[in-house]
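Novice: The structure follows.
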């Protein structure tokens, strides 16, 4: 009899194809308060940073570079997953004006937000890509692919015990927040994803590239504790998994988190390196395939997969996580973006989550950065265009934090 792991759900709802709009709201109500992007970092194993990686934060839409308007405050946010894992709440910048004006507060600013983004990101982006280029040119045991990704969500600040909450209301500045630890919460309201698919997509010149239903099996390697293998799988006709790619957890070169206090969504711009493994020995591949072949698809468990008793280890690998992802992927000449529902489970912490997420891959900009002689002016112009596209179409959302 197959072993039923601790993430067995009480729910009797079966996994379905891409949900119809009338089914989206119930899914969101069930999952809304159990995500954090910090936990998302851990779903794929430890976050691996490049030696000269850049990580920074800034705020957009301020007429004063350091001072927030009186309508913007740092408020405690209740998120079940974070509180369960670390026992404390996070803080987020909230604008009281959004409660009455909807998904955006119009501010009269001396500079467009997308121009500000380009000016603040350009130098770090080019420097980080140069470092990445050197990494790509050196001999490696895996295939390296650069990725520039924009994610929408909310910047969350880690509360400091030494800072009084009331003093923050009286003296909230960007200089203060720059030194705070932070994470990025990527779970968005299902109504927002519905709006993107039904209202935004028809008006922005993109085509549906594909719809996918896939699984990822996360494997820890006992010989390299900092690495996690991501085994990407499709589903065969008999319901078993078909392995089609093995990657290492991505290498981060640059992360810029941008709070957008006149809107309800923030932005993260991330440059990272996908590392596709091509040099496994026959014994290593056999161990990986044994673990993938042993997986049982089950819509009633978090992550969508379970394993028979004593089948979660093979050779030097053991199963540490599972994902079930259903996504719609759209593209135009400049970028590709996906709207996905990701159901995850971490076997090490016995914590699962399901989230709706939107991310954009800026593929044309990456091609420009890969050119032998990079034209800074062209990169800046293209970055501005991409940021305007995202700012105008992807950051408007109803308030969803409580």
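Values quoted throughout were computed directly from the atomic coordinates according to the rules given, and no laboratory measurement underlies them. Note that the structure is a prediction, hence the values are computed from the model and not measured. Note that each Cβ is placed from the backbone with ideal geometry, even for glycine, and that neighbours are counted across all protein chains shown.
Novice: Go through 254-266, 272-284 and give me the packing order, highest mean Cβ count within 10 Å leading.
Specialist: Highest-to-lowest ranking by the protection proxy: 254-266, 272-284.
Novice: Would you kindly state how much longer the chain becomes between residue 393 and residue 181 on full extension, computed as 0.36 nm times their sequence separation minus their alpha carbon distance, in nm to one decimal?
Specialist: Here the segment from residue 393 to residue 181 would lengthen by 73.5 nm.
Novice: Under 18 Å from a point 7 Å along the Cα-to-Cβ line of residue 372: which residues of segment 127-143 have their amide N that close?
Specialist: Label zone hits: 130, 133-134, 136-138.
Novice: For the ranges 220-226, 119-125, what's the packing order if you count other beta-carbon atoms within 10 Å of each residue, average per peptide, and put the highest first?
Specialist: For the peptides 220-226, 119-125, the packing ranking is 119-125, 220-226.
Novice: Given a cut-off of 28 Å, what percent of all Cα-Cα pairs of segment 88-240 lie beyond it?
Specialist: Summing the P(r) tail past 28 Å for segment 88-240 gives 51 percent.
Novice: Run the paramagnetic zone check for residue 160: 7 angstrom along Cα to Cβ, then residues of segment 168-203 with backbone nitrogen under 19 Å.
Specialist: Zone members listed by number: 168-184.
Novice: Moving on. Set the Förster radius R0 to 30 Å, insert the Cβ-Cβ distance between residue 122 and residue 200 as r into 1/(1 + (r/R0)^6), and round the FRET efficiency to 0.05.
Specialist: 0.65
Novice: May I ask you to give the average projected area over all directions of the convex hull of the Cα atoms of segment 266-402, in nm² rounded to one decimal?
Specialist: Average projection, Cα convex hull of segment 266-402: 12.5 nm².
Novice: Now a separate question. Over every pair of different alpha-carbon atoms in segment 302-374, take the mean of 1/r and invert it; report that Kirkwood radius in Å.
Specialist: Kirkwood radius, segment 302-374: 15.2 Å.
Novice: What is the gain in length, in nm to one decimal, between residue 222 and residue 169 on full extension, counting 0.36 nm per residue of separation less the C-alpha to C-alpha distance?
Specialist: Roughly 14.3 nm would be gained on extension.
Novice: Now for a separate question. Run the quick spin-label model on residue 112 and residue 67: label points 7 Å from Cα toward the beta carbon, then report their separation in nm to one decimal.
Specialist: That separation, rounded to one decimal, is 2.8 nm.
Novice: What does segment 36-394 give for Rg and for Dmax, in Å, if only its C-alpha atoms count?
Specialist: 21.2, 63
Novice: So how far apart, in nm, are the two label points at residue 208 and residue 49 if each is 7 Å from Cα heading toward Cβ?
Specialist: For residue 208 paired with residue 49, the spin-label model returns 4.1 nm.
Novice: Sort 107, 323 so the one with the fewest other Cβ atoms within 10 Å of its own Cβ comes first.
Specialist: Going from least to most buried by this count: 107, 323.
Novice: How big is segment 126-172 by Rg and Dmax over its Cα atoms, in Å?
Specialist: Reported Rg and Dmax, both Å: 19.9, 54.
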